[in-house]
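Nothing in this text is a laboratory measurement; each read-out follows from the coordinates by a stated rule. Only a predicted model underlies this, so the values are computations on that prediction, with no experimental measurement involved. Cβ atoms come from the backbone with ideal geometry, glycine included; neighbour counts cover every protein chain shown.
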Amino acid sequence: MIYALLFVAQLLDTDSFFQMEAVASPAIAPDGKLIVFSRAYVDKMKDQNRANLWLVDSKGEKLRELTSGNWRDSSAVWSPDGKRIAFLSDRDGTNQLHVMWMDTREVAQLTRLDRAPADITWSPDGKKIAYTQRVLDEDPILPIKLPKKPEGATWAKGATVIDRGSWASDGVGPVAKGYTHVFVVDAIQGGTPRQLSDGKYNHAGPEWSPDSSKLYFSGIRKPDAEFAKADSEIHSVDLKSGTIATLTDRKGPDRAPKVSPDGKWIAYSGFDEQKFTSHLSGVYLMSTDGSGKKVWAAGLPSSPDEVMWAPDSSGVYFEMKAQGKGNLYWLARNGGPRQLTEGVHVLSSISMSNVGTAAAVRTSFHTPPELVSFDVKRPGAIQSLVDVNRDVLEGKKLGKVEEMWFNSGDGLKVQGWLIQPANYEAGKKYPMVLYIHGGPWADYTVAWNWAWQHFAANGYAVLYINPRGSTGYGQGFVNGIQYSYPGKDYDDLMAGVDAAIAKGSVDEDNLFVCGGSGGGVLTAWIVGHTNRFRAAVSMRPVINWLSFVGTTDGVSWYNQFEKMPWDDASDYIKRSPLTYVKNVTTPTMVMTGEADLRTPITQSEEFYRALKVLKKETLLVRMPDEFHGWRRPTHQLAQQLYLIAWFDKHMKREK
């Protein structure tokens, strides 16, 4: 009995969910000696995620807490001279811009804005900070004048008049009409910010010229911008004159400008519009006056992230994921991309100093996100600096992970991974969960996943796959579900299940399936096309494309079909899981957030009601006050526990 208790204590339990912490957003000082990062944790008393700023040297020897309190501090950015950091904090109840002097740890709040700032960046001379902020459009749409309200009267709230195609945003709720603009504020005394962009347009990604005289940014400054399919351009604004110049003009988005330290070049990302349902981006280069545009790197496995110039302007570094791994790449100004770091890991949030030392977040199968550093001249020597979860996982037995490559029905090679139960014993067979990613233009990676290891601790194998449509394998792979989603991605998933069973350790009488968002779509599709699974959970799904495209929080989903539904609804019906609900024999639970604006709760309700009317075994689980991505830690944990409870309930037991 004592041995059994000790053995159970080695497995990942539910308490560990609240004990886990996270490191994020590292920022390395210009001289490469110090790194500021956010350290997030769960506030169990308030059921909230909180974060404070911490400081460590690049060797990991001196770890210090910079800020403390039950709030969220994030997005730290060093001043060019390395003496201050700017960061965002909601310590006074609203997210505002703050600056800390590193020698005294004194903090000044620079803004007192009605709406939160974002995209903060220092001017190279250290005198100003640029940021973006939403500005409300106060122009009346259809003005009316009610009679004068009697003194002391209580009248109903006034109507909201909408003239936009999108009037709400998931994670936010109803959004008042307005536009995101670029501002600058004094970096020492704060004061009244100055708005630099104008018009009824949205702008993003401000980037300074080396002499601090200009800002570059992206935006769709065109008529009917809302319906321009993200056809943004790169613009510049002169701080002295306020003159805005447009530097790009092609059909397709140009965004995320990055100016070279010598002031001669702009690297940016985007793609030529080809009417794909999802485009991968490349890296482009032009002179700072907009001349000499060229494709710098295209045909990549996935879209590049975090493009950063080398201090000598000889090229750029960027992050990119390929085949489930994330690494740092180098792109010389007159060359092609070259991978620098190696390893079965995901490197992200890379921050580069002026001396070639980099800080990053690294994660892998059995390692939650940790803070690391390395020298770009020796990228193979990555040093772990801060691992905030080593104590939580110490002594825990985790499920081993095996990479899989297999052929789909039409011969296409597909990648996946199989996690064995933590207490795996050769010769035994175990229940398996097929866990499907959302997007669908996204990817699974080799990163740590607490939920999957929790399944492993409870005796389940977990299979996760990147079916066609996933990123990390090039544009052709993404195009595998062009105007056909769901489609052959279903075949890829079923072939993956067959490949896992062929390994000999999976009990094919106890197969389970689940997924959220795009994974919820495919789960609902699967149970309408096969009965091989014992139970299923479709989370936050789209069930009826006809009703979804007009009620989700944006107009872009119409572009996923060749024709508009009022011209020809046949493909919307053909691709809707609701069309096949009569075929369902698998016990299917539906789980959703009551405030979800991306895949509105009515989608889940349509599916659940159809299953009930047809006398199918089902449940509907509604998470109160939750959007598409669930924010409350207890709700995130409850999702996992509901999954296990539903699967355990329908497990086929040996008699």
With 10 angstrom as the radius, rank LYS503, LYS396 by how many other C-beta atoms surround their C-beta, starting from the fewest. LYS503, LYS396
Rank-order 439-448, 522-531 by packing density, defined as the average count of other C-beta atoms within 10 Å over each peptide's residues, highest first. 522-531, 439-448
Taking a label point 7 Å from the Cα of THR246 along the Cα→Cβ vector, which residues of the stretch 167-187 have an amide N closer than 20 Å to it? 179-182
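Taking 0.36 nm per residue of separation and subtracting the Cα-Cα distance, what length does fully extending GLU226 through VAL295 add?
Using 0.36 nm per residue and subtracting the Cα-Cα distance, I get 22.2 nm.
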Would you mind getting me the FRET efficiency between LYS503 and VAL344? Use the beta-carbon distance for r and R0 = 22 Å, nearest 0.05. 0.65
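With contacts defined as alpha carbon pairs under 8 Å and 6 or more residues apart, what's the relative contact order of the stretch 300-388 in percent?
Numbers: 184 pairs, mean separation 15.2, N = 89.
Reported relative contact order: 17 percent.
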Kindly write out, for the stretch 180-196 in residue order, the coupling ³J(HN,Hα) from the Karplus curve 6.51 cos²θ - 1.76 cosθ + 1.60 (θ = phi - 60°), rounded to whole Hz, with x marking Gly and Pro. 8, 10, 9, 10, 10, 9, 4, 7, 10, 9, x, x, 7, x, 10, 7, 9
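Which of the three applies to the stretch 400-487, rounded, prolate or oblate, going by the alpha-carbon gyration tensor with a ≥ b ≥ c and a/c under 1.5 meaning rounded? Please report the intermediate quantities before stating the final value.
On the way: a/c = 2.52, a/b = 1.98, b/c = 1.28.
Judged from the Cα gyration tensor, the stretch 400-487 comes out prolate (a/c at least 1.5, a/b above b/c).
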Which values of log₁₀ I(q)/I(0), to two decimal places, follow from the Debye formula for the stretch 302-391 at q = 0.13, 0.14, 0.17, 0.23 Å⁻¹ with a uniform point scatterer at every Cα? -0.40, -0.47, -0.68, -1.19
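According to the square roots a ≥ b ≥ c of the eigenvalues of the Cα gyration tensor, what is the shape class of the stretch 465-517, taking rounded for a/c under 1.5, prolate for a/b larger than b/c otherwise, and oblate for the remainder?
Numbers: a/c = 2.66, a/b = 2.00, b/c = 1.33.
Here the stretch 465-517 falls in the prolate category.
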Using alpha carbons only, how many degrees (0 to 90, rounded to 10) separate the axis of helix 488-502 from the longest principal axis of the chain? 60
Descending semi-axes in Å of the chain, equivalent ellipsoid built from Cα gyration tensor: 40, 32, 27
About its Cα centre, what dipole magnitude does the stretch 199-273 give when the only charges are +1 on Lys and Arg Cβ and -1 on Asp and Glu Cβ, stated in debye to the nearest 20? 120
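Given R₀ = 30 Å, what would the calculated FRET efficiency be for LYS396 paired with LYS428, taking r from the Cβ atoms and rounding to 0.05? Intermediate values should be presented prior to the final figure.
Values: r = 21 Å, r/R0 = 0.70.
So, using R0 = 30 Å, E works out to roughly 0.90.
Can you give the FRET efficiency for LYS264 and VAL355, using 1/(1 + (r/R0)^6), R0 = 22 Å, r = Cβ-Cβ distance, to the nearest 0.05? Can you show the working numbers first?
On the way: r = 22 Å, r/R0 = 0.99.
Step by step, r from the Cβ atoms, then E = 0.50.
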With labels modelled as points extended 7 Å from the Cα through the Cβ direction, what inter-label distance (nm, one decimal) is found for LYS574 paired with LYS652? 3.4
20 Å Cα-Cα reach of LYS413 towards lysines, excluding residues that sit fewer than 8 places from it in its own chain: LYS321, LYS325, LYS488, LYS503
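With an 8 Å Cα cut-off and a minimum separation of 6 or more residues, compute the relative contact order for the chain in percent.
Working: 1564 pairs, mean separation 63.4, N = 655.
That works out to 10 percent.
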Simple spin-label model, 7 Å along Cα-to-Cβ: VAL161 to ARG378 in nm? 6.8
Would you mind ranking ARG362, ARG598, ARG378 so that the residue whose beta carbon has the fewest other beta carbons within 10 Å leads the list? ARG378, ARG598, ARG362
Once you sort the root eigenvalues of the Cα gyration tensor of the stretch 118-245 as a ≥ b ≥ c, which label holds: rounded (a/c under 1.5), prolate (a/b larger than b/c) or oblate (the other case)? prolate
Dipole of the stretch 300-388, Cα-centred, from +1 at each Lys and Arg C-beta and -1 at each Asp and Glu C-beta, to the nearest 20 debye? 240
Give the cross-link partners of LYS83 among the lysines, using a straight C-alpha distance below 30 Å as the criterion and excluding same-chain residues fewer than 8 apart. LYS33, LYS59, LYS62, LYS127, LYS128, LYS214, LYS240, LYS258, LYS264, LYS377
Treating the angle as unsigned and between 0 and 90°, give the value, to the nearest 10°, between the Cα long axis of helix 633-649 and the longest Cα principal axis of the chain. 20
Relative contact order %, the stretch 399-649, counting alpha carbon pairs below 8 Å whose residues are six or more apart: 16
